[in-house]
Amino acid sequence: MAHFILYSRSWCHLCDDLLQALRHLTGDAWPIDVIDVDADPDLVDRYDELVPVLVGCHPGQMPEQICNYFLDENAVRAFLAKAAAGAGILPGESGKMRD
C-alpha cells in the first residue's frame, strides 16, 4: 500500500502545519509515518534546512519527494492518483476495486 513519510522535528511549526494539512486532505485513508530528523545524524545531514519534507512511497518503487516547507496539494493529489491507479481503485471511489 502506498504511504507517506514526513521528515519532521518536534519544535517545528511548519512541520505541524504540513502534517495537519496532509491529514485534512487525505483523511485516515493513507498511512503517514512521521520521522524526527534530529534522531538520526544522516537525516539531519540530508534534510536539516528543508524540514518538513514530505515523501511518498509506492510499493516496489523508489520513494519520491513530494514537497517541503508547505503542502503542495496538487503534488499530493497526483501521488494519490498514481497510487489509486496502481491499486485498481476507481477514480472518485476510494477503496472500491475494479473487477
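Of note:
- This model, with +1 at the C-beta of Lys and Arg and -1 at the C-beta of Asp and Glu, gives the chain a dipole about its Cα centre of some 540 debye.
- Axis of helix 73-87 versus longest Cα principal axis of the chain: the two differ by about 50°, to the nearest ten degrees.
- Lys/Arg +1, Asp/Glu -1 at C-beta; the stretch 7-47 dipole; positive extreme among 18, 47, 8: 18
- Between residue 65 and residue 1, the distance separating the two model label sites (each 7 Å from Cα on the Cα→Cβ line) works out to 2.8 nm.
- All Cα-Cα distances of the chain, cut into 10 Å bins from zero to the largest, leave 16, 47, 28, 9, 1 percent in each bin in turn.
- Degrees between helix 13-26 axis and first principal axis of the chain (Cα, 0 to 90, nearest 10): 10
- Stokes-Einstein diffusion for the stretch 5-49, with the hydrodynamic radius set to the Kirkwood value over Cα pairs and evaluated at 4 °C in a medium of 1.567 mPa s, equals 116 µm²/s.
- Simple label model, 7 Å out from Cα along Cβ direction - residue 28 to residue 50, nm: 3.2
- With the helix formula -39500 (n - 2.57) applied to DSSP H stretches of n ≥ 4, the chain reaches a computed 222 nm mean residue ellipticity of -11500 deg cm²/dmol.
Each reported figure results from applying straightforward, stated rules to the coordinates on display, with no laboratory input. These numbers were taken from a predicted model, which means no experiment stands behind them. Glycine gets a Cβ as well: all are built from the backbone with ideal geometry, and neighbour counts include every protein chain shown.
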